[in-house]
Amino acid sequence: MNLASLYEVEYDQWLARTISLLKENRFNELDKDHLIEELEDLSRREKKTVERFLEQIIRHLLLWQYWTAEHD
């Protein structure tokens, strides 16, 4: 089974094989389309995670500001 087909049916095996190919510098054998798709998705997820953490920090700072102002 080629790597692109493996992506569709057995993602974990596709990922392990892709990592192995990268470590061995066998770039010509990579499933580049799916690898690019995965990297783009990872980038979007990381950005969303950072946004959620920043929102949570801002909420906590606002709550802290409110409670310290109430108790002064």
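Worth pointing out:
- Some residue of the stretch 43-55 being farther than 30 Å from residue 6 by Cα, over 18 Å from the mean Cα position of the chain (by Cα), part of a helix (DSSP H, G or I) and charged (D, E, K, R): yes
- Figure legend. Inter-residue proximity from the stretch 8-24: first residues free of Cβ contacts under 8 Å to residues at least 40 places away in the same chain and of a type outside the set (Lys, Arg), second residues surrounded by 10 or more Cβ atoms within 10 Å (Cβ to Cβ) and not in a helix (DSSP H, G or I), beta-carbon distance below 6 Å, spacing 6+ or different chains. Indicated pairs: 21/30.
- Yes/no for residue 35 being surrounded by 10 or more Cβ atoms within 10 Å (Cβ to Cβ), among the aliphatic types (A, V, I, L, M), assigned to a helix (DSSP H, G or I) and over 17 Å from the mean Cα position of the chain (by Cα): no
Every number in this text was worked out from the coordinates using simple rules, so none of it is lab data. In this text, all values refer to a predicted model and were calculated from it rather than measured experimentally. Note: ideal-geometry Cβ built from the backbone for every residue, glycine included; neighbour counts use all protein chains shown.
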